[in-house]
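J.: Below is a structure I'd like to ask you about.
Rule-based calculations on the coordinates, nothing more; no lab input. Bear in mind that the values here come from a model prediction, so they are computed numbers and not experimental data. Neighbour counts are summed over all protein chains in view; Cβ atoms, including those assigned to glycine, are modelled from backbone coordinates with ideal geometry.
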Amino acid sequence: MLFILALLGLLLSDTPAWCLGDQVLGVWSLQFTDFKYSGGNGTDRFECPANIAATTTKRIRLLAPNIAINEQTGATGTWTMAYTEGLEIRLNGLNYLFYFAWKEYPLEGRVMVNSSCWLSAPGMGWVKKDGIGNASQACLYAELISADSSTLYNIRDENAPGPVNPTDQTSQGEALLSRHATLPSRKLPVPLPTGAHYRKLLSANKLRYAKREFRREFSHNLFGFGSESETRNVPYKGDTLPDDFDWRDVNGVSYIPGVLDQGACGSCFTFGAVQAMNSRIMIATNRTDPVGTKTILSTEHALDCNVYSQGCDGGFPEHVLRFAETNGIMTEDDYYIPYTSGTDGVTRECKTSPGSRRYYFTAGQQLGGYYGAVTDPVEMQWELYRHGPYPVSIYVDSDGYFFRGDLYGPADNHETVDSDDPERHYFISEVNHFVLLIGWGTFANGTKYWIILNSWGESWNDRGTMKIAMGTNAYGIESSPTTLYWIPHNPVSSQPQVHIRFILRALLFLVAGLCGLSVIGLLIAICVVKSRGTKYRPIIA
């Protein structure tokens with residue numbers, strides 16, 4: 001039990017903010033600075049001040065499920081939740097990311113968290129331009145100025161499974177405790193729509209008292225995937241997928257560089273992202289690139305230098321990929337230290353050197369474009385089969401299901417909603433750990449399963465891997481798959497590229513200037529010769 005508790009301490013912690021998708025709908029005021037913040041002088045890190053001097057303001061309306069509209073121009077884009085902790089908007093060539101503000105306070109021996117779902121946390125908002133290598137960024141302040149929801153705060157126990165919304169937003173004492181104690185805990189076996197649809201399902205009593213086997217079948221029927229008889233009705237056309245597939249053995253060749261160990265650092269999100277990068281480079285180059293065969297990308301670099309995450313305190317793979325898009329990831333050979341944070345759970349100083357080779361990735365986002373878009377195993381299989389391993393989120397329970405390698409995990413899977421309010425409608429699947437999805441298989445009885453690679457060393461479970469049931473969202477594995485794509489055309493870091501472009505331009509101006517001076521000098525010489533020719537004629541003897 002102590003071993004389980006010790007490992008649970010290494011799981012995803014991040015910020016304690018807890019906000020839900022329906023609470024962010026409405027018009028946001030996004031105020032940001034000039035694009036003047038970046039690393040430099042041997043580092044990729046920069047810090048946004050708590051109070052910024054904004055020079056630009058955008059009014060962006062967010063509509064469900066993922067539509068963003070510029071209220072001033074009518075331009076459209078997309079948005080997604082960063083789990084329950086932040087918000088990302090992509091619109092007009094700009095990418096906005098911020099975390100929600102929160103406050104912690106003690107209450108009768110517990111730590112309560114008040115999340116402000118209408119406001120960005122100070123110093124935790126960024127704007128970047130689309131495309132790789134755009135390291136110069138702006139700092140952002142965001143505020144929801146016209147909300148669709150009447151509930152903009154969530155107050156919850158830091159260790160509770162879901163949000164608690166007090167009726168009186170200013171009340172925090174006994175009223176909060178009373179509401180927290182009397183709210184029914186609703187836990188669903190798969191990510192289901194809530195609100196009116198959720199109330200209807202509960203009234204049918206098909207989920208509340210169902211056994212795990214029935215719930216598994218029910219989830220298949222509800223979403224159109226699962227057993228063989230059900231998948232025949234799924235409207236997919238084209239080739240069929242193999243019953244078994246594993247990137248560790250593709251015609252006898254492995255595209256997984258090895259099993260790593262995050263140690264005492266809560267860096268599972270970085271390991272999941274960086275291991276996916278390693279594998280996708282190996283696949284794209286058929287193992288001809290040094291990454292994956294002679295070296296690997298530096299997890300320590302992605303951990304130390306990434307301003308969008310909280311280091312050993314947690315983060316998300318898509319934000320590691322955001323860093324990989326702006327700055328690129330160095331190899332372990334080029335970064336000044338190997339992975340060291342695992343020894344004591346402390347990130348190191350970010351130190352980089354100009355000229356080091358870097359690997360850039362893009363499209364770091366949930367499969368389908370937003371949180372909750374794709375939970376269909378067929379889509380997840382095709383992404384894995386076509387492009388390679390990618391990070392997935394899971395829930396590691398304190399009851400020991402995950403540590404024992406149980407195929408299905410806890411029966412409730414920890415999808416939680418706290419209200420039967422018909423006005424509420426959101427997607428949530430509680431997770432606390434990230435792993436790498438590397439394959440799938442089929443048991444003799446026809447049961448399908450995923451194969452995941454953990455970051456707890458090769459001695460964990462089955463040589464660092466585990467089988468998890470497919471099609472039931474076991475451990476929340478199908479709730480938030482994250483995509484990524486390697487851009488191989490820009491292998492040098494953005495910082496030295498700036499200097500090279502500057503030097504080339506300077507040389508061009510210098511050459512042009514010299515050519516211009518030469519032409520002027522030649523014209524002057526011709527004029528002088530001609531003028532002398534009119535005054536002094538040669539004497540012919």
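J.: Sum up the charges of everything whose Cβ sits under 12 Å from the Cβ of Met81, counting Lys and Arg as +1 and Asp and Glu as -1, but leave Met81 out.
T.: Residues near Met81 contribute -4 overall.
J.: Can you run phi through the Karplus equation (6.51, -1.76, 1.60; θ = phi - 60°) for the stretch 255-266 and list ³J(HN,Hα) in whole Hz, with x for Gly and Pro?
T.: After applying 6.51 cos²θ - 1.76 cosθ + 1.60, I find 10, 10, x, x, 9, 10, 10, 6, x, 8, 9, x Hz.
J.: Quick one: net charge around Gly315, please, counting Lys, Arg +1 and Asp, Glu -1 for every other residue with C-beta under 12 Å from its C-beta.
T.: Every neighbour counted, the sum reads -3.
J.: Set the Förster distance to 60 Å, then compute FRET efficiency between Arg404 and Leu510 from the Cβ-Cβ distance, nearest 0.05.
T.: The pair Arg404/Leu510 has a calculated efficiency of 0.30.
J.: With the cut-off at 28 Å, tell me which of the pairs Lys237/Lys448; Lys36/Lys103; Lys128/Lys351; Lys36/Lys351 have Cα atoms farther apart than that.
T.: Exceeds cut-off: Lys36/Lys103.
J.: Which order do the peptides 315-323, 427-435, 32-40 come out in when sorted by mean C-beta neighbours inside 10 angstrom, highest first?
T.: So the order, starting with the most tightly packed, is 315-323, 427-435, 32-40.
J.: Provide the gained length on full extension for the span Lys129 to Ala54, in nm with one decimal, where the gain is 0.36 nm per separating residue minus the Cα-Cα distance.
T.: Stretched out fully, the Lys129 to Ala54 stretch lengthens by 25.3 nm.
J.: Obtain the nm distance between the two label points defined at His489 and Asp243 by a simple spin-label model: each point lies 7 Å from its Cα along the Cα-to-C-beta direction.
T.: Here the modelled spin labels are 4.3 nm apart.
J.: Could you calculate the FRET efficiency of Glu104 with Val378 from 1/(1 + (r/R0)^6), where r is the beta carbon distance between them and R0 is 30 Å, rounded to 0.05?
T.: Efficiency for this residue pair is about 0.10.
J.: For the stretch 14-183, what's the relative contact order in percent, using C-alpha pairs closer than 8 Å and at least 6 residues apart?
T.: Averaging sequence separation for qualifying contacts and normalising by length gives 27 percent for the stretch 14-183.
J.: Around Arg90, under 15 Å between beta carbons, what's the net of Lys plus Arg minus Asp minus Glu among the other residues?
T.: Once positives and negatives cancel, what remains is +1.
J.: Could I ask something else about it? Multiply the residue separation of Asn92 and Ser146 by 0.36 nm, subtract the distance between their alpha-carbon atoms, and state the gained length in nm to one decimal.
T.: Between Asn92 and Ser146, full extension yields 17.3 nm more.
J.: Using r as the Cβ-Cβ distance of Glu47 and Val250, and R0 as 56 Å, what FRET efficiency do you calculate, to the nearest 0.05?
T.: Once rounded, the FRET efficiency stands at 0.80.
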